[in-house]
Amino acid sequence: MYKYDAYDKTIVAERVAQFRDQTQRYLEGKLTDAEFLPLRLQNGLYVQRFAPMLRVAIPYGMVSATQIRKLAEISRRYDKGYVHFSTRQNVQYNWPKLERVPDILAELATDEMHAIQTSGNCIRNTTTDQFAGVAADELVDPRPYCEIIRQWSTFHPEFAYLPRKFKIAINGAKQDRAAVQVHDIGLHVEQNSHGELGFRVLVGGGLGRTPMIGTEICSFLPEQHLLTYLEAILRVYNRYGRRDNKYKARIKILVKALGAEAFRAKVDAEWQHLKDGPQTLTEAEIKRISQHFSSPDYIDLPAKSALLQQHLQQDPNFRHWYQRNVTGHKVPGYAIVTLSLKATAQAPGDATDKQLEAAADLAEQYSFGEIRVSHQQNLVLADVQQDHLYTLWQEALKFGFATPNIGLLTDVICCPGGDFCALANAKSLPIAEAIQRRFDDLDYLHDIGNLDLNISGCMNACGHHHVGHIGILGVDKKGEEFYQVQLGGSAYNDASLGKILGPSFARDVMPDVITSIIDVYLKHRTPEELFIDTYRRIGIQPFKDRVYASNN
Amino acid sequence: MPVIIKNQTVISDTYTFYATYTEGDVLAKHSIIPVDDFLANPSLLEQHPGTIGVWLDSHHEPEALSPYLHQLAVIAVNFPSFTDGRGYSIARIIRERLGYQGELRAIGEVLHDQLFYLKRCGFDAFKLQAEKDPEEALRGFNDFSVSYQAATDHPQPLFRHRLH
Ligand code: HEM
Ligand code: SF4
């Protein structure tokens, strides 16, 4: 994991001092609300429905046990004893006091954390595959590039006042687990036929009001050119992105307006000036950063643990959990464990201070003291010996992290919605809970198989509803909360945007609506089909017919 | 007397700002006129050698100025709103691509908390909003003692000059 050096520490400490001074000037009336707004946003501080909300960065989802303990302690001292993990691998506090935020930032800095650029119209936290570095299907570990981008984008003087927020995601495995096609810039790390590393570059993806899948503008960008090329894209966006209408200000609108070819030509023209300039990466720099992500001290183990096999045979509950929450590891004898933050009645992605501390203990005991946050709002222990899985599972059960539902219908991605967010049209958390309650039969859930259910409380799409296999969107109908359903989205290699099923529904029928949709799938599926496959084969009509016949 | 910040000190502003200019208008000794009006009357350079400057708005393309750059006494870039970040790119292009060495002045909504970034992008003169205290704003230049990325003020990124 990346460790700060003296430079990083200086920069973060100076940021704390800067924000303390800005907050002070705001409280003294020397900064207006409008002037303070982007300053606080660029420190992750929103003012929400009931209280400010503070978003703390977890760069590309990597966090140490020590840092997790610090997050827990802060939640107790400055908040209400819980946190919310977001779909952008960050963590949010829902109840901090504005005057105390500088103190929170100072506390975070002591353990190499910050809230820099977690909001605002700037380059945000770069996100990646939660299994980076350990996935069996990985081609290249994307994390060194994430860190290189983190450093380059941190306080980039030219790009702090972009037309709108800017999100970059990188994936280095065969399976896209970072949703790169729905980011402002999506990067696939690849190796060409000469063994050189580089990136396939997509631009103009995004969710929100006008969801779009990104377009490729470069099929292979050699790694040393990463930063100059990003700089060229950002400069074109900064100069020509729309600023007259905040809903048309994302890069996707510019790419669409110019056309991908013309956009690429502009980027290339700009890049000619920057290419091979000082920002070109050196081998030494890539090596220096990569060293932070070298493998931990794995021990030699047999590929298959006999102990594990024995427990799998003896304990069906353990077997259920193993099937859903454990993923194959690239190193023999190891496994990747996902700790589910999707227990029924727990807001998806929420964790209490006790859970955070338990996760830190588990990480230290079983997984080299490191944790990852997934964009599906779960926690990951990436390096667990197969021999330890059974005891780890028993521990995880005690703290409510062992719900065996990863990738299933109840592993809901959900935004905070109307319970917390001032922009919401409707609540989202009660919908998630009602559906989780309806689908509480594990055998049934496992039989349904992989299914992404994503819920957003408004069209800003923080809950990724466009790319859920089933997406739910909160809408406002004459002051009442209604829910629109979309089918057929996907955030993976086969990325697609969901199609609207039809008129929206009242809250209390939502579990029935989902049940009807599942029934159609179960009726039509072939033995090898997942929900999305059946949907793609039979189309939306059978779902429509059934849902509106039974729920009108 | 109006003031500006130049090279991180507060000095008086000797330039007169013209929101518009029409051919034949009588200009003050030191004047800053709109870029389009200047481009329509480039002979002004001979009439006011070394004392005329231009200002660009955030949608302007600085490239058009390149034939005249070295004769302009000042180039000002307007920030119609401090959240309009186009001026940062304009400044870097003027300095790094076009090679302009003279005074590059940020005007419009220029605030304490933007000074560090503005300086990094090549501005060396700053006209703050009239009601803001320029002496207090000077602190803004020192918010950070080190930066990761290359920009106009430090053309080498940290990774090319780090000590360890
Ligand atoms: C509660 C305070 C929040 C506010 C005010 C907020 C606001 C917004 C807004 C306005 C957008 C739309 C941007 C656009 O279309 O240009 C957006 C998008 C998004 N937000 Fe949030 N959000 C909040 C919380 C969250 C949370 C908790 C998550 C994660 C669970 C999240 C993740 C995202 C994502 C993934 C997007 C879509 C990215 C895209 O448009 O490409 N946000 N948010
Ligand atoms: S999707 Fe809407 S309701 Fe949900 S967090 Fe985002 S802005 Fe708020």
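The values are calculated or read from the model by the stated rules, or taken from the named source; none is laboratory data. Every value quoted in this text rests on a predicted model; they were computed, and no experiment measured them. Every residue, glycine among them, receives a Cβ derived from its backbone with ideal geometry; neighbour counts consider all protein chains shown. Side chains are part of the model used for accessible areas, which takes the heavy atoms of the whole protein and leaves out ligands, DNA and RNA. Shrake-Rupley method; radii C 1.70, N 1.55, O 1.52, S 1.80 Å.
Identify the residue in the range B:129-152 that is open to solvent by 50 Å² or more (accessible area, probe 1.4 Å) and at the interface with chain A (Cβ under 8 Å from one of its Cβ atoms) and, among all such residues, is modelled with the lowest pLDDT.
If we take residues in the range B:129-152 being open to solvent by 50 Å² or more (accessible area, probe 1.4 Å) and at the interface with chain A (Cβ under 8 Å from one of its Cβ atoms), then B:139 is modelled with the lowest pLDDT.
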Next on the checklist: I'd like to verify a number: residues in the range A:277-329 that are more than 14 Å from every other protein chain (Cβ to nearest Cβ) and more than 30 Å from the chain's Cα centre (by Cα), how many?
Outcome noted: 18
Checklist entry - Out of all the residues in the range A:467-486, is one or more within 30 Å of residue A:358 (Cα to Cα), within 16 Å of ligand 2 (Cβ to nearest atom) and part of a strand (DSSP E or B)? => result no
Next on the checklist: Which pairs turn up if I take residues in the range A:217-243 that are closer than 16 Å to residue A:197 by Cα and free of Cβ contacts under 8 Å to residues at least 40 places away in the same chain and look for partners that are in a helix (DSSP H, G or I) and not polar (S, T, N, Q) with beta carbon separation below 8 Å, at least 6 apart in sequence or on another chain?
Outcome noted: A:221/A:229
Checklist entry - Is it true that residue A:367 is at pLDDT 95 or above, within 16 Å of ligand 2 (Cβ to nearest atom) and either crowded, with 21+ Cβ neighbours inside 10 Å or of a type outside the set (D, E, K, R) (or both)? => result no
Checklist entry - Do you know which residues across the range A:417-432 are closer than 17 Å to residue A:484 by Cα, in a helix (DSSP H, G or I) and more than 7 Å from ligand 2 (Cβ to nearest atom)? => result A:429, A:430, A:431, A:432
Next on the checklist: Take residues that are away from chain B (no Cβ under 14 Å) and either within 16 Å of ligand 1 (Cβ to nearest atom) or polar (S, T, N, Q) (or both) and tell me which of the strands (runs of 3 or more DSSP E) falling wholly in the range A:51-99 contain 3 or more.
Outcome noted: A:52-56, A:82-85, A:91-93
Item to check | Matching entry among A:280, A:327 (being in contact with a helix residue (DSSP H, G or I) (Cβ under 8 Å, 6 or more places away or on another chain) and open to solvent by 10 Å² or more (accessible area, probe 1.4 Å)) | outcome: A:280
Checklist entry - Taking into account only those residues within the range A:128-146 that are outside any loop (DSSP other than H, G, I, E, B) and either over 11 Å from residue A:62 (Cβ atoms) or within 16 Å of ligand 2 (Cβ to nearest atom) (or both), which is most open to solvent (accessible area, probe 1.4 Å)? => result A:138
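Conditions (1) over 30 Å from residue A:21 (Cα atoms); (2) basic (Lys, Arg), marked per residue:
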site	(1), (2)
B:30	yes, no
B:57	yes, no
B:72	yes, no
B:86	no, yes
B:106	no, no
Checklist entry - Which one of A:460, A:493, A:454 is within 16 Å of ligand 2 (Cβ to nearest atom) and at pLDDT below 95? => result A:460
Checklist entry - Would you pick out the residues in the range B:67-86 that are assigned to a helix (DSSP H, G or I) and more than 9 Å from every other protein chain (Cβ to nearest Cβ)? => result B:67, B:68, B:69, B:70, B:71
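When the range A:404-424 is examined, which residues are found to be within 25 Å of residue A:133 (Cα to Cα) and either away from ligand 1 (no atom under 16 Å from the Cβ) or open to solvent by 30 Å² or more (accessible area, probe 1.4 Å) (or both)?
Scanning the range A:404-424 gives A:404, A:405, A:406, A:407, A:408.
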Checklist outcome for this item: Scanning the range B:87-114 for residues that are open to solvent by less than 20 Å² (accessible area, probe 1.4 Å), part of a helix (DSSP H, G or I) and either in contact (Cβ under 8 Å) with a residue 40 or more places away in the chain or closer than 20 Å to residue A:236 by Cα (or both) gives B:87, B:88, B:89, B:90, B:91, B:92, B:93, B:94
